[in-house]
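K.L.:
Dumping the structure here so I can ask a few things about it.
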Amino acid sequence: MVENSIPRKRKLGLAASCALLSGFLPVFGTALPHKPSYEEMAQSPESAKQMPNSSADPAFTEARRLSQQGKFDEAIGQLEALAAKQPNLERLSHELGIVYYKKGDYLKAVASFKRALEEEPGDSEAIQLMGLSYYLAGRPSEAIAPLEKVQTWYPSANVDASYILGICYMQTKDYPNSRKAFAKMFAVPSDSAASYLFTARMMLRFDFDVVAEEYAKKAVELDPKLPLVHSLLGEIYLFKSRIPEATEQFQKELELNPGDAAVYYKLADAYTRAQKYEDAEKLLQRSIWLDATSTGPYILIGKVLEKKGEFALAVRALQRALAMDPNNPIPHHLLGLAYRELGRAEDAERELKLSEQLQNRTEAKP
């Protein structure tokens, strides 16, 4: 796809974790299910069962206020001052653990939650957050045991523990249990074609492309008419630059699912790589007719039009993409090339420079 023109980084540490937890990975255009905010959870009937028992304790009010403002060190100081005055204060270790978790100091959070569990072995929230802290500290094997005990979502976690448990199994190469965790998350049988499809998608996100291909093929074997399974297999082949196989899978997906704009876009990407620009342009037009809100088809059609020498039309398509996503370096770069071909040197220099700045800014982010 167009996004692949920028080298794909293999970051499976905290930065990649946070990017995935936020719910969007642009390389393959998929999103995770919406996670309710703290306020939404607080208003739900289920949240009353999940909120910690100390939620109304006035002793922690000031520390919570500071934590909500992002003043984590001050909140920790407040709690430590409380500990000096009231060393036996109930759930103090629990509160400290939550602040350390929010601060991103995950190993200190683990230590606090361990103390909290010594004081209250049934503290389910502490068990879950300890597991998540292990994961975010880059220790997935240690995260599994506590996450297996408690998979209920707590508002202080900001993520679904079932999802993280599935990732931990994956990173420790326990693929069957990873599949079971994702199957549970999506409420499908663990041995179903859908469970293999979901797991393959997650594996591809984390660059487990060999196992992702195996699982996608298993999904096809179990249900060759399952929507999106051929599309996923096509993405895997496209990722590996196996263009004829990718093309075949996308064509099969269109036979089953002719109303999916994304499949036209992906097949057009395969045709572009095979230098079949006329075919790619037709498919991209169909993708845009079905969904005019996605930037990917506009960027790719701009690239295709440039390859065909239709630079004025390419400019229009790329300008439309930038109207929707002005901070994307790729359309700025392509627009700069188109302007250069049209003899608009000043415009070309501006766009190419802006593209470089945006790309450097993206790479500089942790």
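The values are calculated or read from the model by the stated rules, or taken from the named source; none is laboratory data. Keep in mind the model is a prediction, meaning the values are calculated, not measured. Every residue, glycine as well, gets a Cβ built from its backbone with ideal geometry; the counts of neighbours run over all protein chains shown. Areas reflect the complete protein model, heavy atoms only, side chains present, ligands, DNA and RNA absent. Shrake-Rupley method; radii C 1.70, N 1.55, O 1.52, S 1.80 Å.
K.L.:
Please work out if LEU322 is under 26 Å from LYS282 (Cβ atoms), touching a residue at least 12 places away in the same chain (Cβ under 8 Å), hydrophobic (A, V, I, L, M, F, W, C) and assigned to a helix (DSSP H, G or I). Lay out the reasoning, then the answer.
P.N.:
Details: under 26 Å from LYS282 (Cβ atoms): yes; touching a residue at least 12 places away in the same chain (Cβ under 8 Å): yes; hydrophobic (A, V, I, L, M, F, W, C): yes; assigned to a helix (DSSP H, G or I): yes.
It is true that LEU322 is under 26 Å from LYS282 (Cβ atoms), touching a residue at least 12 places away in the same chain (Cβ under 8 Å), hydrophobic (A, V, I, L, M, F, W, C) and assigned to a helix (DSSP H, G or I).
K.L.:
All but one of (1) open to solvent by 30 Å² or more (accessible area, probe 1.4 Å); (2) assigned to a helix (DSSP H, G or I); (3) of a type outside the set (A, V, I, L, M, F, W, C) hold for PRO189, so report the exception by its number.
P.N.:
Checking PRO189 against (1) open to solvent by 30 Å² or more (accessible area, probe 1.4 Å); (2) assigned to a helix (DSSP H, G or I); (3) of a type outside the set (A, V, I, L, M, F, W, C), the one that fails is (2).
K.L.:
Just to be sure I understand, how many residues within the range 309-318 are out of contact with any Phe, Trp or Tyr (no Cβ under 8 Å at 6 or more places or on another chain) and open to solvent by less than 30 Å² (accessible area, probe 1.4 Å)?
P.N.:
1
K.L.:
Need pairs with beta-carbon distance below 9 Å; first residue in contact (Cβ under 8 Å) with a residue 12 or more places away in the chain and within the range 76-88, second outside any helix (DSSP H, G or I) and exposed (fewer than 10 other Cβ atoms within 10 Å of the Cβ); sequence gap 6+ or separate chains.
P.N.:
Pairs that qualify, where the first residue is in contact (Cβ under 8 Å) with a residue 12 or more places away in the chain and the partner is outside any helix (DSSP H, G or I) and exposed (fewer than 10 other Cβ atoms within 10 Å of the Cβ): there are none.
K.L.:
On to the next question. Within the range 208-225, does at least one residue satisfy the condition of being open to solvent by less than 10 Å² (accessible area, probe 1.4 Å) and either touching a residue at least 40 places away in the same chain (Cβ under 8 Å) or polar (S, T, N, Q) (or both)?
P.N.:
no
K.L.:
Separate question: Restricting attention to the range 236-257, does a residue exist that is among the β-branched types (Val, Ile, Thr), open to solvent by 70 Å² or more (accessible area, probe 1.4 Å) and at negative phi?
P.N.:
Scanning the range 236-257 turns up no residue that is among the β-branched types (Val, Ile, Thr), open to solvent by 70 Å² or more (accessible area, probe 1.4 Å) and at negative phi.
K.L.:
Moving on. Do any helices (runs of 4 or more DSSP H) lying entirely in the range 213-310 carry at least 1 residues that are within 30 Å of GLY343 (Cβ to Cβ) and of a type in the set (Lys, Arg), and which ones are they? Don't jump to the end; show me each part of the working.
P.N.:
Working: elements: 229-239, 243-256, 261-273, 277-290, 295-307.
Counting at least 1 such residues, we get 261-273, 277-290, 295-307.
K.L.:
Which members of the range 296-308 meet the condition of being within 27 Å of the chain's Cα centre (by Cα) and open to solvent by 30 Å² or more (accessible area, probe 1.4 Å)? Step through it out loud before you land on a result.
P.N.:
Start the filter on the range 296-308 by keeping residues that are within 27 Å of the chain's Cα centre (by Cα), which leaves 296-303.
Selection gives LYS303 alone.
K.L.:
Does LEU352 satisfy the condition of being open to solvent by less than 80 Å² (accessible area, probe 1.4 Å), in a helix (DSSP H, G or I) and either of a type in the set (Ser, Thr, Tyr) or in contact with a Ser or Thr (Cβ under 7 Å, 6 or more places away or on another chain) (or both)? Full working, then the answer.
P.N.:
Working: open to solvent by less than 80 Å² (accessible area, probe 1.4 Å): yes; in a helix (DSSP H, G or I): yes; either of a type in the set (Ser, Thr, Tyr) or in contact with a Ser or Thr (Cβ under 7 Å, 6 or more places away or on another chain) (or both): no.
No: the conditions fail for LEU352.
K.L.:
Can you work out which of the residues in the range 71-95 that are in a loop (DSSP other than H, G, I, E, B), more than 18 Å from ALA109 (Cβ to Cβ) and not polar (S, T, N, Q) is least open to solvent (accessible area, probe 1.4 Å)?
P.N.:
That would be LEU89.
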